[in-house]
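Notes to accompany the following structure.
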Amino acid sequence: MSRVQKIIVEQGETGARLDRWFKRRFPHIKQGQLQKLCRKGEIRVDGGRAKPDTRLETGQEVRVPPLPDAQEIKKLDRLSDRDIEYVRSLVIYEDEDIIAFNKPSGLAVQGGSKTKQHLDRLLDAFGEGLERPRLVHRLDKDTSGVLVVGKSPAATARLAKAFQSHKTKKTYWAIAIGVPKPHLGEVKGFLKKTAGAGGDPDREVMTGARHGEEGAQHALSRYTVVAEAGQKASWVALRPVTGRTHQLRVHLQAMGTSVLGDKKYPCHRPAPEDLDQKLCLHARRLELPRANGKTLVIEAPLPKHMNRIFGMLGFNLRDADEEEIEEQLA
């Protein structure tokens, strides 16, 4: 493990993105690790927080936190046959450009100080160097469902552009405590990140904010109630029009109908005692524009715990008209 380093940006490096500048010096650090270090504020430029796409200028000072050496990372990150078999079992679609996974609840997408097993690490099973798939979006650790990665730098860039320009369509299924009113509508407003206990970035929560407030970002979600079990619980389909952290969870909480099993964003209603307390939020469907002008639709089956609760509540997947749901969320 190295010590903290402070490196001055040299002439000729002006305009370079921070992540590319960093990778030239520390090629053994993966993009996911680099993004995590930026989010936690461990990599700084002239003493301030920086994002991976921050453009550097000559003379700026980049703080580099202690990093494991290349041999240490290689030894720690070597995948076992069991790891490889596991991550390949999650694949639900693959072509020459992308791989789509049905990410299970409980598997983090990226690592952290307390997270050693995560999808980004498991991507080593599909190649190394330029052949190694790259993340383009994330799901919360306890959210299951469709997650896609790019199989090459060019494919990753196209995917990232589609997500950033909101040309993708994402549909989530949730089990809510109670029934949202009205049954069809949208929730919008401004959200901002608030530090968790002790300033731990892993415990950050999203809270309501005012327009113009520092850190405030506009958030818009559409939803429709697909089925209900009296006033006990409901099956809700949601579309995040914007892509803010924990957006759907916060918006369901704001309606007083939090996602079943959501400990971070609970509502005033008590969760039914006879139901599983695992988070019941699933990225059911993803629509992606392709280079040939067509749209690829990828759907992920429900995880076991949600399937079981659907059965307990009397929700039948065959009763759902998914095309009608998509029209309602459009």
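Collect the residues in the range 296-318 that are touching a Leu at 6+ places or on another chain (Cβ under 7 Å) and in a strand (DSSP E or B), keeping them in residue-number order.
Within the range 296-318, LEU296, ILE298 meet the criteria.
Got a sec? Which of GLN31, GLN35 is open to solvent by 30 Å² or more (accessible area, probe 1.4 Å), in contact with a Pro (Cβ under 6 Å, 6 or more places away or on another chain) and of a type outside the set (A, V, I, L, M, F, W, C)?
GLN35
Out of everything in the range 137-158 that is of a type outside the set (Val, Ile, Thr) and either touching a Cys at 6+ places or on another chain (Cβ under 7 Å) or assigned to a helix (DSSP H, G or I) (or both), what residue ends up being nearest to GLU204 (Cα to Cα)?
The qualifying residue nearest to GLU204 (Cα to Cα) is ALA157.
Can you run down the residue pairs with Cβ atoms below 8 Å, 6 or more apart or on separate chains, where the first is in the range 31-55 and without any contact (Cβ under 8 Å) to a residue 40 or more places away in the chain and more than 22 Å from ASP120 (Cβ to Cβ) and the partner is assigned to a helix (DSSP H, G or I) and open to solvent by less than 30 Å² (accessible area, probe 1.4 Å)?
Listed pairs, sorted by first residue: VAL45/LEU18.
Consider the range 207-243. How many of its residues are closer than 28 Å to PHE315 by Cβ, touching a residue at least 12 places away in the same chain (Cβ under 8 Å) and not hydroxyl-bearing (Ser, Thr, Tyr)?
Number of matching residues: 19.
With the requirement that a residue be out of contact with any strand residue (DSSP E or B) (no Cβ under 6 Å at 6 or more places or on another chain), open to solvent by less than 70 Å² (accessible area, probe 1.4 Å) and either at pLDDT below 90 or under 22 Å from ARG138 (Cα atoms) (or both), what does the range 7-20 give you?
GLU13, ALA16, ARG17, LEU18, ASP19
Among the residues of the range 127-149, what is the count of those that are in contact with a helix residue (DSSP H, G or I) (Cβ under 7 Å, 6 or more places away or on another chain) and surrounded by fewer than 20 Cβ atoms within 10 Å (Cβ to Cβ)?
Residues that pass the stated criteria total 3.
So which residues in the range 38-62 are surrounded by 15 or more Cβ atoms within 10 Å (Cβ to Cβ) and more than 27 Å from ALA108 (Cα to Cα)?
Within the range 38-62, VAL45, LEU56, GLN60, VAL62 qualify.
Suppose we filter GLU327, GLU322, GLU273, GLU299 for residues that are open to solvent by less than 70 Å² (accessible area, probe 1.4 Å) and among the acidic types (Asp, Glu); which single one remains?
That would be GLU322, the only listed residue that is open to solvent by less than 70 Å² (accessible area, probe 1.4 Å) and among the acidic types (Asp, Glu).
The values are calculated or read from the model by the stated rules, or taken from the named source; none is laboratory data. Just so it is clear, the model here is predicted, and its values are computed rather than measured. We place every Cβ from the backbone using ideal geometry, glycine too, and count neighbours over all the protein chains shown. Side chains included, ligands, DNA and RNA excluded: accessible areas come from the protein's heavy atoms. Shrake-Rupley method; radii C 1.70, N 1.55, O 1.52, S 1.80 Å.
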